[in-house]
Amino acid sequence: MNPLYNPHCSPRISFISLLVLTLFISFGCGTKSTTTSQQPGTGTGTAQKTTKKKSTSKGTQRPYVINGITYIPIPTAQGYEEQGKASWYGEPFHGRKTANGEVYNMYGDTAAHKTLPMDTILLVKNLENNKSTVVRINDRGPFVQERIIDLTHTKAAALGIIGKGTANVEIIALEEKETVEEPVVATTKKSPEAKPPHKKPPIPDFDKGNFYVQVGAFVKIENARILAKGFANKGRDVIIQQYPAAGMNLYRVMVFASNSLAKAKIYEKELKADGFKYALLLAR
């Protein structure tokens, strides 16, 4: 006898059992969860459109490091004045990209500055012959001691410094071009109250800060400590800072000069007169 055959089982009951089993399987397949298709970023289902907020910070306003020195671009050029040496750069850089992405034109009206905002308009006056010209900042530099601005060949010619190469100048910020425009929204409703006049931001005091003069840089820290001790014995606050340069670690001795930029420049000149000809003014 076939062990699977049951003569007491009614064909009607077997049919009902088969029907129930079929319905169970059908409903089980028809209720599959679809929640994964509603979750973005899982790699399944329909992709959902997302809106990313664009960053308003400019790459040219971020701090950067050149030869171990950190330069921090200032937020505004309003009220900015500075005196120092101007130089110019030409053929090797002609046609290359500047710091803000423009192509450098040595016959243009642009200039390079270490920290001023891009598109700042400057009046540059040669203090040696009283010649003046106007430039627009679109690059960073010059990274040479005492130099504050690098001009194009055309602007250097206007100031009469092509042959000499450098000149003592004064730079004065005239304006700062707007690079981002706010969208104008049309409306027919009148404002219930007049808005107060827009107040200009206060002019930052560029003369204040923590200013140090670098008096030496050494491969061996022992030599840096000897020099630092000499200034400490004179009552000067002095620090030793380690920084990488030319594939090695150097130790530079930095003497606190003043919280005033003007006084710090005077101290820098005094140190150069005392024999520290490579004294370099830095801000921390």
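Read-outs: derived from the displayed coordinates by stated rules, not from any lab. Keep in mind it's a predicted model, so treat the numbers as computed, not measured. In this analysis, Cβ positions are derived from the backbone assuming ideal geometry, glycine residues included, and neighbour counts consider all displayed protein chains.
Considering every alpha-carbon pair of region 76-169, the percent of pairs per 10 Å bin, from zero through the bin containing the longest distance, is 18, 56, 25, 1.
Spin-label pair Lys269-Val144: with each label point 7 Å from Cα along the Cα-Cβ axis, the two points sit 2.2 nm from one another. Fully extending the segment from Asn210 to Gln78, taken as 0.36 nm per residue of separation minus the present Cα-Cα distance, adds 45.4 nm.
How do Ile148, Ile121, Ile137 rank when sorted from fewest to most other Cβ atoms within 10 Å of their own Cβ? Let's see the in-between values first.
Details: Ile148 21, Ile121 16, Ile137 27.
Lowest count first: Ile121, Ile148, Ile137.
Available extension along the chain between Asn67 and Ala157 is 29.4 nm, counting 0.36 nm per residue and deducting the alpha carbon span.
Charged side chains reduced to their Cβ positions (Lys and Arg at +1, Asp and Glu at -1) give region 61-176 a dipole of some 280 debye around its Cα centre. Residues whose amide H lies under 5 Å from that of Gly216, counting only those 5 or more places away or on a different chain, are Val253; hydrogens are built 1.01 Å from N in the peptide plane. For the pair Lys164 and Ser260 in one chain, pulling the backbone fully straight at 0.36 nm per residue adds 31.4 nm over the alpha carbon distance. Of the three principal axes defined by the Cα atoms of region 208-283, the extents in descending order read 34, 25, 20 Å. For the residue pairs Lys58/Lys220; Lys58/Lys263; Lys125/Lys229; Lys97/Lys208; Lys164/Lys277, the alpha carbons lie more than 30 Å apart in Lys58/Lys220; Lys58/Lys263; Lys125/Lys229; Lys97/Lys208.
Residues Val215, Val134 in ascending order of nearby Cβ atoms (within 10 Å, fewest first): Val134, Val215.
Projecting label points 7 angstrom from Cα along Cα→Cβ for Lys97 and Phe218 puts them 4.2 nm apart.
Taking the Cβ of each residue in Leu122, Leu159, Leu174 as the centre, tally the other Cβ atoms inside 10 Å and list the residues starting with the fewest. Before the final figure, lay out the partial values.
Numbers: Leu122 25, Leu159 22, Leu174 14.
Ordered from fewest to most neighbouring Cβ atoms within 10 Å, Leu122, Leu159, Leu174 come out as Leu174, Leu159, Leu122.
Among the trypsin sites (Lys or Arg not before Pro) within region 210-256, which fall in a DSSP loop and have no more than 13 other Cβ atoms within 10 Å of their own Cβ?
Working: sites: Lys220, Arg225, Lys229, Lys234, Arg236, Arg252; in loops: Lys220, Lys234, Arg236.
Within region 210-256, the qualifying trypsin sites (Lys or Arg not before Pro) (loop, at most 13 other Cβ atoms within 10 Å) are Lys220, Lys234.
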